[in-house]
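Report on the structure given below.
The values are calculated or read from the model by the stated rules, or taken from the named source; none is laboratory data. This is a predicted model, so every value here is computed, not measured. For neighbour counting, all protein chains shown are included, and Cβ atoms are generated from backbone atoms with ideal geometry for every residue, glycine included. Only protein heavy atoms, including side chains, enter the accessible area calculation; ligands, DNA and RNA are left aside. Shrake-Rupley method; radii C 1.70, N 1.55, O 1.52, S 1.80 Å.
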Amino acid sequence: MQKGTYLRNGPGLWHIEDYNFRHLFDGYATLVKLQFENGRLIAGHRQIESEAYKAARKNKKVCFREFSEVPKYENFMAYVGDIAKLFSGASLTDNANTGVVKLGDGRVVCLTETQKGSLVIDPNSLETLGRLEYSDSLGGLIHSAHPIVTDAEFLTLLPDLVNPGYLVVRMEPGTNERKVIGRVNCRNGPAPGWVHSFPVTEHYVVVPEMPLRYCAQNLLRAEPTPLYKFEWHPESKAFLHVMCKASGKIVASVEVPLFVTFHFINAYEEEDEDGRVTAIIADCCEHNADATILDQLRLQNLRSFNGNDDLLPDARVGRFTIPLDGSPYGKLESALEPDEHGRGMDMCSINPTKLGKKYRYAYACGAQRPCHFPNTLTKLDLVKKKAKNWHEAGAVPSEPFFVARPGATEEDDGVVISLISEKNGNGYALLLDGSTFEEIARAKLPYGLPYGLHGCWVPKE
Ligand SMILES: CC1=C[C@H](O/C=C(C)\C=C\C2=C(C)CCCC2(C)C)OC1=O
Ligand SMILES: CC(/C=C/C=O)=C\C=C\O
Ligand SMILES: [Fe+2]
């Protein structure tokens, strides 16, 4: 196996003193590393030292606005003061608990939905080095938690809550300056749809406009609503916009069936026999247009599985077809029969060399029911429309992360890394063969780790 370090980020600490958080996404970020070297594995974990985390530790209470937790105000004036700080972003969290990416210039950055929560870390010591201060003046407070990162660029979306739309921006390695590629105006709705992630093809950026939209009112609330900072607007419909990366021009903007997704898997350009691009295909982990998955990720629900009740809402690989011939509608279908993966589907990865290109395989978490949370690792063959599943009773695996074998020519030639939380609270690192999906190795960890979200690979130079 290639020498290098797998890093995984995620919310990992869900209490301050005796106050317990309610939602999975509220936890203070915990970074985990698995360092592969000369056939040995060195593991470690560390809390990310965000301002939000440090302030909570110091003051023994929540001090910033997290995903659903907000500071408890001593009096009405304190509340009003905090609302004012919301508009400047000062009261928003920088708890970078969602993902971790390696930029083309070697910096490793942990991210969340807030722009201020872009924190540079040391991949060896896991030390928090400081904030990535964007040097442009694009402003805004939020961005997509999943930028598209390659050695050549960092692409992301900046939702505009005032004038509903999205800026598509690009940052070059070695700089902190995002430059605007173009802007998409929302087709409908009081606010932009949530953009936790978005897909790209070789030449285009796909901007999703989900009917699960940001909600300014919910942002101001002290108590969480069932959809947290969002609102479900089926009447506002759903759209996908396609922007040319080189010119910033919108080449398609189609209405699609209602959908709910956190994670796009990949996208690519479909060509006719003359090599002309006729359509864009975009795949995502789609929750059957049901936003209740967000509330299902409350810790009380996740921790209350009794072995019998089946509470995980159905999900599938949603495949969008976006025609580029000016037609007003796009299609949404299941890319394979959802029963292939137990009707659970999230936390996906692909071979990064296939980013934006026609691809065959994806790795994700599926379900072996009954369950409350995705509990299998699944390899999806999107050509044969088949899935191969890994499952161990009572275990919860985190996102399967694909690392190609050096010199590989086949798409699935590599290993899949996942961290497994066992029923008894212990945990281990699991390596599956990317091709056969059989176990290659497992390494028991000296202590259990919290569930985590997204990872990246930092090769050893
Ligand atoms: C995972 C994961 C974490 C996460 O969100 C965390 C925050 C702090 C999100 C905050 C917000 C929104 C979700 C909507 C708009 C406002 C704002 C408060 C920034 O989301 C995840 O999926
Ligand atoms: C854990 C999850 C979403 C994470 C977002 O980053 C979804 C699980 C759903 O089935
Ligand atoms: Fe995510």
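Across region 348-353, coupling constants 3J(HN,Hα) worked out from phi with the 6.51/-1.76/1.60 Karplus curve, θ = phi - 60°, read 9, 8, 9, 5, x, 5 Hz, and Gly and Pro carry x.
What's the local net charge at Gly344, with K and R +1, D and E -1, over the other residues with C-beta under 9 Å away?
Cβ neighbours under 9 Å give a net charge of 0.
The residue list Val120, Leu294, Leu336 was ranked by how far each Cα lies along the charge dipole of the chain toward its positive end, using unit charges on Cβ atoms, and Val120 comes out on top. Restricting to Cα atoms and excluding each atom paired with itself, what does the Kirkwood estimate give for region 108-232 in Å? With all distinct Cα pairs of region 108-232 included, I get 15.5 Å. Overall form of region 361-461: oblate. Here a/c, set by the Cα gyration tensor axes a ≥ b ≥ c, is 1.5 or more, and a/b is not larger than b/c. About the centre of its Cα atoms, the chain shows a dipole size close to 940 debye [charges on the beta carbon of Lys, Arg (+1) and Asp, Glu (-1) only; nearest 20 debye]. When the chain is described by a simple charge dipole with +1 on each Lys and Arg Cβ and -1 on each Asp and Glu Cβ, the residue from Thr261, Gly448, Leu240 located farthest towards its positive end is Gly448. Computed packing ranks the peptides 409-420, 327-338, 127-138 as 409-420, 327-338, 127-138, most packed first, by mean other Cβ atoms within 10 Å.
Label zone (Asp136, point 7 Å along Cα-to-C-beta; backbone nitrogen cut-off 11 Å) within region 183-218: 183. Scalar couplings 3J(HN,Hα) for region 422-432, obtained by applying the Karplus form with A = 6.51, B = -1.76, C = 1.60 to θ = phi - 60°, are 8, 4, 7, x, 7, x, 8, 8, 10, 10, 10 Hz; x denotes Gly and Pro.
Selection among Gly326, Gly394, Ala222 by position relative to the dipole of the chain gives Ala222 as farthest towards the positive end (Cβ unit charges, Cα centre). Summary of packing: across the peptides 109-115, 350-356, the per-residue average of other C-beta atoms within 10 Å ranks them, highest first, as 109-115, 350-356. Please tell me which of these pairs span more than 25 angstrom C-alpha to C-alpha: Lys72/Lys102; Lys331/Lys386; Lys385/Lys460; Lys229/Lys385? Pairs exceeding the cut-off: Lys72/Lys102; Lys385/Lys460; Lys229/Lys385. Once backbone amide H atoms are built at 1.01 Å from N, Gly448 has Gly427 as its partners under 5 Å, excluding neighbours fewer than 5 places away on the same chain.
Sequentially through region 245-253, phi angles give Karplus couplings (6.51, -1.76, 1.60; θ = phi - 60°) of 5, 7, 9, x, 7, 7, 9, 7, 8 Hz, Gly and Pro residues having no value and appearing as x.
Under 5 Å between amide hydrogens, built in the peptide plane, is the criterion, and for His263 it picks out Cys285 among residues at least 5 positions away or on other chains. Estimated from helical segments only, the mean residue ellipticity of the chain at 222 nm is -2000 deg cm²/dmol, where each DSSP H run of four or more residues counts as -39500 (n - 2.57).
Shown is the FRET efficiency for Glu439 and Val277, computed with R0 = 45 Å from the Cβ-Cβ distance and rounded to the nearest 0.05: 0.65. Note on the chain: with neighbouring protein chains present and a 1.4 Å probe, carbon and sulfur make up 51 percent of its accessible heavy-atom surface.
On average, how much accessible surface per residue is there in the chain, in Å², for a 1.4 Å probe, leaving out ligands, DNA and RNA? It would help to have the intermediate numbers written out before the result.
Working: 19130 Å² over 461 residues.
Using a 1.4 Å probe on heavy atoms only, each residue of the chain averages 42 Å².
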